[in-house]
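Novice: For reference, the structure I am asking about is given below.
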Amino acid sequence: MKKKLISVLLTGVMAASLLAGCAATTATAPAPAAEEVKEEAEEVVEDVEEAAEEVAETAEAADGELISVGFAQVGHESDWRTASTKSCQDVFSEANGYDLSFVDCDNDEAAQKEAVRSFIEQGVDYIIIDPIIATGWDTVLTECEDAGIPVIVIDRTIDDSDKYVSWVGSDFLTEGKAAGEWLKAYAAAQGITEINALIIQGTIGSSAQIGRTDGFQSVADAEGWTVLDKQTGDFTEAGGQEVMESYCKSYEGKFNVVVCENDNEAFGAMTAMDNAGVTYGPGNDVILISYDACTAGLEKVKEGKITADFECNPLAAPTVEGVIQTLQSGGTPEKEILVPDNWYALADQIVDFSVDGNAQTMIEVTDEVIEAQY
Ligand code: GYE
């Protein structure tokens, strides 16, 4: 918009200059008239130049008012991640008063630290980090602190440094426990007395993986279930498929539960089970549990493929913006801000269960629920 206006004005300057030039060189009218035209034209040139300068200054001032934010995003491994990125880009838009530097770190820890350092060099006002893994952060966060740039952590946690202003995200341990407690109640309701589970983990060392693995395992330990194996699928569909292919060979006929630590891994695991002739979903050989509950995940619940899906809400960016606005107005935001999650299944798979003594509510997956999801 601003650029367009400047270029229109500059075109005006050029036209007026041309006019002034013409008046000086080609006019055949009496000398005083030509002189007058020339003077008038020169005045127009001056006016237009002044106006152009003013517009440029206003544009610069407006740019200066934008809050600059650097966001070091994990990568683009999943539907969840796509929703998270979109939400951040929507919230931290120029129209909303932000100048966003977005870096997709492609699941590379070193690249993520580099991205943060490049934000320090740029001198951004705020840095947002979704940490690929939970540790190894203290040095770079100290550098942010020394540069006087507040850091806000989104989604996954940083577990070995507290040099950030706020963390906004989901409670992954509760997600894992909820999956375990639901399975306990569901198995009891179905008369299933033996659980032999296979787990496809997320990126090892990410707090999402650690919380979900530990939460589910805590219930497995308490109930005496057998966890046959745990391997990472790196939160990707290809990873989920690869791990499940090897599980289907190694544990043929020996498992009745598969836990995938995100929906995309579950999609890959489905392909592997289809190829191996293993049936899954309500009423079939294998209870398939997943996390995230993005639109495509809920569609698989509706189709009777995923038995229960434990949400992780990817829309934390508006809350992060709230943190930035609090800082802008001199306030102190809370250190930890939880984004609430829901648990999803079809009506027949909804059972009563509690997590740490708190009764949980499950949501029945319907077309309207899917439609409203991200
Ligand atoms: O579950 C998965 C993603 O960090 C909570 O990362 C996030 C996880 C999410 O790629 O799909």
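Novice: Under 5 Å between amide hydrogens, which residues at least 5 positions from Ile195 or on another chain qualify, with H placed 1.01 Å from N in the peptide plane?
Specialist: Amide H neighbours of Ile195, under 5 Å, 5+ apart: Thr226.
Novice: Just rank Val243, Val286, fewest to most, by other beta-carbon atoms within 10 angstrom.
Specialist: Val286, Val243
Novice: Listing Met244, Met273, Met362 from the residue with the fewest other Cβ atoms within 10 Å to the one with the most, what is the order?
Specialist: Ranking Met244, Met273, Met362 by Cβ neighbours within 10 Å, fewest first, gives Met362, Met273, Met244.
Novice: With respect to the cross-link table entries Lys230/Lys254; Lys184/Lys254; Lys254/Lys305; Lys86/Lys163; Lys113/Lys230, which display a Cα-Cα separation exceeding 22 Å?
Specialist: Pairs exceeding 22 Å: Lys86/Lys163; Lys113/Lys230.
Novice: If you don't mind, there's one more thing I want to ask. Using the count of nearby Cβ atoms within 10 Å as a rough guide to exposure, how do Phe353, Phe216, Phe119 rank from fewest to most?
Specialist: So the ranking, lowest neighbour count to highest, is Phe353, Phe119, Phe216.
Novice: Using the Karplus curve 6.51 cos²θ - 1.76 cosθ + 1.60 with θ = phi - 60°, what ³J(HN,Hα) values do you get for each residue of region 126-142, in whole Hz, with x for Gly and Pro?
Specialist: Coupling constants for region 126-142: 9, 10, 10, 10, 10, x, 4, 10, 7, 10, x, 9, 4, 4, 5, 5, 5 Hz.
Novice: I've got another one for you. Just to be sure I follow: if Rg is taken over the C-alpha atoms of region 288-355 and Rh is the Kirkwood radius over the same atoms, what is Rg/Rh?
Specialist: With Rg and the Kirkwood Rh in hand, the quotient comes to 1.18.
Novice: Something else now. For region 297-333 and region 136-199, write down the distance between their C-alpha centroids in whole Å.
Specialist: 13
Each reported figure results from applying straightforward, stated rules to the coordinates on display, with no laboratory input. Computed from a predicted model, the values in this text were never measured in an experiment. Here Cβ is always computed from backbone atoms with ideal geometry, including for glycine, and neighbour counts include all displayed protein chains.
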